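The numbers here are math on the coordinates, done by the rules we state, and not lab data. If you're wondering where the values come from, they're calculated on a predicted model, not measured in any experiment. Methodologically, a virtual Cβ is constructed for each residue, glycine included, from the backbone with ideal geometry; neighbour enumeration extends over all protein chains shown.
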Amino acid sequence: MNTDDTFLKINRRRLLGLATGAGLVGLLPRQALSGSPDSAIAGQTASREQVRYPEKTGMILITDRPPQLETPLHFFRQDLTPNSAHFVRWHLSGYPTEVDTRTFRLRLDGLVDKPQSFTLEELVKGFDPVTLVAMNQCSGNARSLFSPQPPGSQWQFGAMGNAQWTGVRLKDVLARAGVKSGAVEVAFSGLDESPMPGLPKVVKSLKFDHSVDGDVMIAYAMNGEPLPMLNGFPLRLVVPGWYATYWIKSLAHIEVLEKPLSNIWMDVAYRIPDNPEINEEPGNLAKKTVPINRFATHSIFVRPEPEEQLLLNHPMMLEGLANDGGDGIARVEVSLDNGRTWVDALLDPEIGRFSWRRWRYLWTPREKGRYTFLVRATNRAGEGQPVTQWNRGGFARRMIESTSGMVV
Ligand SMILES: Nc1nc2c(c(=O)[nH]1)N[C@H]1C(S)=C(S)[C@@H](COP(=O)(O)O)O[C@H]1N2
Ligand SMILES: [Mo]
């Protein structure tokens, strides 16, 4: 993308904010759509509310204050999720609804020689642009499917999306400030503010070495367009292969730290059992937890959708997607007989190691009655998927998934 074009586009976004006024999101009434916009959407989606927010298509409402919007499954039949359908999650009701790009600054300070304050133009034009495809996924994606159900946002599989991100390397931006020796972490926070005195602002950190790996970026474009306001306009951190809790939106402050960040968002929330299966039992919780980190290897069905009816003797393309934390997907297998035998699915070409990878398998139903299919993926490092899993936060779902319905 030409950086001049990008800058003009981002700048134009200010007009949108002015045209629709303050409270861009909060003031617009939700529109309940009558019925489903797509007759192929089966039970699961149709039974959940479809809502409209600015810049968004019909989404599944999880909560409205703050907005948490889930992507309907049928949008995952393509490599890149349209910006209008990319899921939305904010922690605090004090999320930004407008940004004045004339006064916006990204501040960088802490353990550096020269603290910086960048305008959008300085960021877009002052650094080499980078582009990569990466999947964004909430730590609690598919939480509602765990049994017993952990507390928290009750997502099905739509708290994820795949996008092409364009921006600047965090490494390059940090270098401009000159990081002093002794840096151990880098902390990130956005324009969102806590509405309650007891609840601190969302601030997350990465280890210093991770933040300068050349993959972590400050993105100003998503699929070639400025980010939607709800997805972090004008800038967001992209941490390829890591859960989205670190992908700070409407990024406004970066601080280099000489000791690890300690706050509720790092010490209490977003921690997982310290074992490779990310598993524990409700009656026997893991003693040791660690901050959630890289994506676990996982795969899901996109078709058939839950309870989709299949026609006898009609060929049916089973399809879905698989992801891991950045080594790449090596294999996806499907079982049509409840795990007794497994067959290899066809993998679509890889579009980057941080992207999800789509798979498909052609199957013709030869018997009427109930079907249940399973899917499992293996990545290039040999990481597979466990048969069952549970943890108290409902995080990092990585167990083998299934889909079922009737052949008629
Ligand atoms: N500033 C800010 N950034 C944030 C959050 C937030 O509450 N505030 N939530 C994080 C979480 S938990 C998720 S899942 C992703 C969601 O990104 P999206 O809304 O673009 O899908 O944003 C992350 N970045
Ligand atoms: Mo999240």
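Remarks
- Using the rule -39500 (n - 2.57) for each DSSP H run of four or more residues, divided by the residues of the chain, the 222 nm mean residue ellipticity is -3000 deg cm²/dmol.
- Aspartates and glutamates with Cα under 12 Å of Lys204, excluding same-chain neighbours fewer than 8 positions away: Glu185, Glu255, Asp267
- Sorted by Cβ density within 10 Å, fewest first, the residues Thr101, Thr71: Thr101, Thr71
- Projecting the Cα atoms of Val130, Val184, Trp155 onto the dipole axis of the chain, where Lys and Arg carry +1 and Asp and Glu carry -1 at the beta carbon, places Trp155 farthest toward the positive end.
- Here's the thing: no lysines lie within a cross-link span of Lys368, going by alpha-carbon distance under 19 Å and ignoring same-chain residues fewer than 8 apart.
- A Förster radius of 25 Å combined with the Cβ-Cβ distance from Arg370 to Leu285 puts the calculated FRET efficiency at roughly 0.10.
- Between the helical axis of 3-20 and the longest alpha-carbon principal axis of the chain there is an angle of about 90 degrees.
- Out-of-range pairs (alpha-carbon distance over 28 Å; input Lys180/Lys249; Lys171/Lys249; Lys171/Lys201; Lys171/Lys287; Lys114/Lys207): Lys171/Lys287
- When you count the other C-beta atoms within 10 angstrom of each residue and take the mean per peptide, 352-363, 139-150 line up highest first as 352-363, 139-150.
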